[in-house]
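**Student:** If you scroll down you'll find the structure; I have some questions about it.
The values are calculated or read from the model by the stated rules, or taken from the named source; none is laboratory data. These numbers were taken from a predicted model, which means no experiment stands behind them. Note that we place each Cβ from the backbone using ideal geometry, even for glycine, and neighbour counts take in every protein chain shown. Surface accessibility is based on the protein's heavy atoms, side chains included, excluding ligands, DNA and RNA. Shrake-Rupley method; radii C 1.70, N 1.55, O 1.52, S 1.80 Å.
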Amino acid sequence: MISLQRIWNRLVHLPRQTKIYITVGSSVYLFELLVIFVAKAFGASDLLAVGLSFWLGLFASFCMQKFITFNNKEVHHRILLIQFIAFSLLVIFNFCFTLLVTQLLTGIVAPFISRAIALGITTIWNFYLYKIRIFKTKTPQVY
């Protein structure tokens, strides 16, 4: 079994950008939980509270990953629109993938385990796609 000390040692030695990516993702998750809590306190239904947290979390995640994790400062409306569409399509793909994993593992593992497996997989390819494609900054050409 993997010890907490071993996990901690691996986390400590991750590249800085990877640590920021994980921190931002965790922060957005906590933000979404807070939105649900506040919405429920104001009398929102479960469906409204979760829907609100999803969309606010999506927007917060986009902004924080773009500007903080990947240091992409391009703010022209065309670039933002293309990035947000690509980001949103990736979210939809991740959602479908998560449902597929859950369906395939139903009866084999508990749903929170299948969700964790899907989250682990999508986290890895999201980082790659954000870095290489979605939030990649243009490098000036040297002549």
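**Student:** For the structure I just gave you, tell me whether residue 136 is within 17 Å of residue 63 (Cα to Cα) and part of a loop (DSSP other than H, G, I, E, B).
**Tutor:** In short, yes.
**Student:** Please find, within the range 39-53, the residue that is farthest from residue 128 (Cα to Cα) out of those that are free of Cβ contacts under 8 Å to residues at least 12 places away in the same chain, open to solvent by 60 Å² or more (accessible area, probe 1.4 Å) and in a helix (DSSP H, G or I).
**Tutor:** My answer is 41.
**Student:** A further question follows. Select, from 25, 43, the only residue that is small (Gly, Ala, Ser) and either touching a Lys or Arg at 6+ places or on another chain (Cβ under 7 Å) or under 19 Å from residue 125 (Cα atoms) (or both).
**Tutor:** 25
**Student:** In the range 1-28, what count of residues is obtained for those that are over 23 Å from residue 85 (Cβ atoms) and assigned to a helix (DSSP H, G or I)?
**Tutor:** Qualifying residue count for the region: 18.
**Student:** Scan the range 82-134 residue by residue and report those that are closer than 15 Å to residue 66 by Cα, loosely packed, with under 12 Cβ neighbours inside 10 Å and within 13 Å of the chain's Cα centre (by Cα).
**Tutor:** Within the range 82-134, just 128 meets the criteria.
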